[in-house]
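These notes are about the structure you will find just below.
The values are calculated or read from the model by the stated rules, or taken from the named source; none is laboratory data. Since the model is a prediction, treat every value here as computed from it, not as a measurement. Virtual Cβ from ideal backbone geometry, glycine too; neighbours counted across all protein chains shown. Keep in mind that these areas ignore ligands, DNA and RNA; they rest on the heavy atoms of the full protein, side chains included. Shrake-Rupley method; radii C 1.70, N 1.55, O 1.52, S 1.80 Å.
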Amino acid sequence: MTTRHGEQLDRAAACLDPLAALRTPGDPNCDVYLTGNVFLDIIFTGLDSAPVRGTESWARGMGSSPGGVANMATALARLGLRTSLAAAFGDDHYGEYCWDALEQGEGIDLSLSRTVPGWHSPVTVSMAYEGERTMVSHGHEAPPPEPAPDCPPPARAAVASLSPARDEWIGQAAGKGTRIFADVGWDDSGRWDPADLADLEHCEAFLPNAEEAMRYTRTECPRAAARALTDRVPLAVVTLGAEGAYAVDGATGETAQVPAIGVEALDPTGAGDVFVAGFVTGTLAGWPLADRLAFAGLTAALSVQEFGGSLSAPGWSEIAAWWQQVQGVADQEPAALRRYAFLDALLPAEDRPWPLRRAVPTIGFGRSA
């Protein structure tokens with residue numbers, strides 16, 4: 001049972017604004033602008049192994065949540081950033097569910113989004129097992145974009161996923177003073193053409209994983225890849241999986257590396273999005289580079305312990321509970337604790353036990369359930 005004191009702490013953590021000290025009356029209403037495709041994600045967990053051809057597998061757990069760009073939007077919103085999402089939603093029940101979950105459940109601004117009559121929502125089924133995932137997706141051709149003269153809106157930052165076809169909005173946003181953070185997807189063509197990263201000229205930071213970074217730079221070491229990328233973007237952040245993350249600031253020459261937090265991974269869906277959201281939050285708040293890396297890695301580590309992309313994104317309550325828990329672990333390595341000591345100045349006191357568990361949303365029940 002949650003005590004009144006516990007409820008107050010939860011509210012304080014949920015309402016924590018990491019940019020409160022920086023806000024001025026002339027600031028844009030939007031902290032982070034996003035655009036992209038929203039999927040309905042259906043996640044199966046508790047599989048003992050990968051599905052075997054010709055057999056039926058039973059999963060011990062299942063949930064549903066908005067996915068795709070919704071993973072990033074939710075992660076940002078739960079960290080207290082005012083998030084605006086421009087996306088198309090189907091007018092089926094899946095689309096209605098995703099819209100409601102994002103707008104009402106997460107407080108994401110969908111005023112630039114639209115519902116498209118007759119368009120079916122794209123769906124992804126994700127199966128998590130042995131720390132990995134297998135996904136099957138279905139979707140119809142995306143509807144044509146509608147003219148939006150005020151899109152992108154003024155914003156402190158935007159997150160873009162780079163592609164060979166240059167996105168006009170990235171340059172437009174950068175021209176308005178928006179700070180652009182970019183990631184990139186896997187190149188199924190195998191070309192790994194550096195020309196596909198042309199929009200990096202508008203970006204402040206690029207956050208690929210190690211394999212992507214090495215392939216685009218033709219290097220054999222993630223750290224060398226990060227240094228090479230600073231020829232094209234001011235700040236390169238390369239995620240190293242179990243080794244954490246490495247960053248190079250091309251303007252100052254500063255480097256930072258933070259090891260990963262060891263956790264038992266249930267579902268890695270959306271962990272990369274959560275990492276980017278954590279790094280964007282720390283950057284907009286003006287934290288040192290190493291603190292930004294540590295915070296991004298922490299949020300990603302917390303997310304993989306739950307299933308689903310947007311569903312598993314941590315908020316400040318989860319972060320506060322984790323910080324309290326690790327400080328109470330006997331024989332904790334002092335250097336590891338000092339790496340996260342910056343959280344003391346950010347977090348409210350927290351007296352709830354770790355781990356926390358979020359409610360599991362599903363489209364199977366009505367509002368009265």
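Kirkwood radius, the stretch 60-196, all distinct C-alpha pairs, inverse of mean reciprocal distance: 16.9 Å.
At q = 0.22 Å⁻¹, what is the log10 ratio I(q)/I(0) for the stretch 193-316, with the Debye formula run over Cα points and no solvent? The calculated log intensity ratios at q = 0.22 Å⁻¹ are -1.27. For the stretch 100-206, which chymotrypsin sites (Phe, Trp or Tyr not before Pro) pass both filters: DSSP loop (anything but H, G, I, E, B) and at most 12 other C-beta atoms within 10 Å? When the chymotrypsin sites (Phe, Trp or Tyr not before Pro) of the stretch 100-206 are filtered for loop state and at most 12 Cβ neighbours within 10 Å, 186 remain. Among the trypsin sites (Lys or Arg not before Pro) found in the stretch 280-347, not one is both in a DSSP coil and sparsely packed, with 15 or fewer other Cβ atoms within 10 Å of its Cβ. In this view, the solvent-accessible surface of residue 62, computed with a 1.4 Å probe and all protein chains in place, comes to about 110 Å².
Quantify how much of the Cα-Cα distance distribution of the stretch 204-275 extends past 17 Å, in percent. Roughly 40 percent, once rounded to a whole number.
Place a point 7 Å from the Cα of residue 172 along the Cα-to-Cβ direction; which residues of the stretch 55-92 have their backbone N under 11 Å from it? Backbone N within reach: none found.
Reducing the stretch 80-101 and the stretch 140-212 to their Cα centroids gives an inter-centroid distance of 20 Å. Per-residue ellipticity at 222 nm, computed for the chain from helices alone with -39500 (n - 2.57) per DSSP H run of at least four residues, works out to -8000 deg cm²/dmol. Per residue, the solvent-accessible area of the chain (1.4 Å probe, heavy atoms of protein chains only, all protein chains present) comes to 48 Å².
The H on the amide N of residue 250, modeled in the peptide plane, is under 5 Å from the matching H of 235, 236, each at least 5 residues off or on a different chain. Ranked by solvent-accessible area (1.4 Å probe, protein heavy atoms only, all chains present), the residues 199, 249, 109 order from largest to smallest as 109, 249, 199. The largest-to-smallest principal axis extents of the Cα set in the stretch 81-135 are 39, 33, 15 Å.
Test of understanding: given the chain, find the longest segment containing no GluC sites (Glu not before Pro) that are in a DSSP loop and have at most 13 other Cβ atoms within 10 Å. Result for the longest clean stretch: 265-369. Between the beta carbons of residue 327 and residue 141, assuming R0 = 56 Å, the FRET efficiency works out to 0.60 to the nearest 0.05.
Size estimate for the chain follows the Kirkwood approach: the inverse of mean 1/r over distinct Cα pairs works out to 21.4 Å.
About its Cα centre, the dipole of the chain is roughly 520 debye, where the only charges are +1 on Lys and Arg Cβ and -1 on Asp and Glu Cβ.
Helices in the chain that qualify as membrane-span-like (whole DSSP H runs, Cα extent of at least 18 Å along the helix axis, mean Kyte-Doolittle hydropathy of 0.0 or higher) are 271-284, 289-303.
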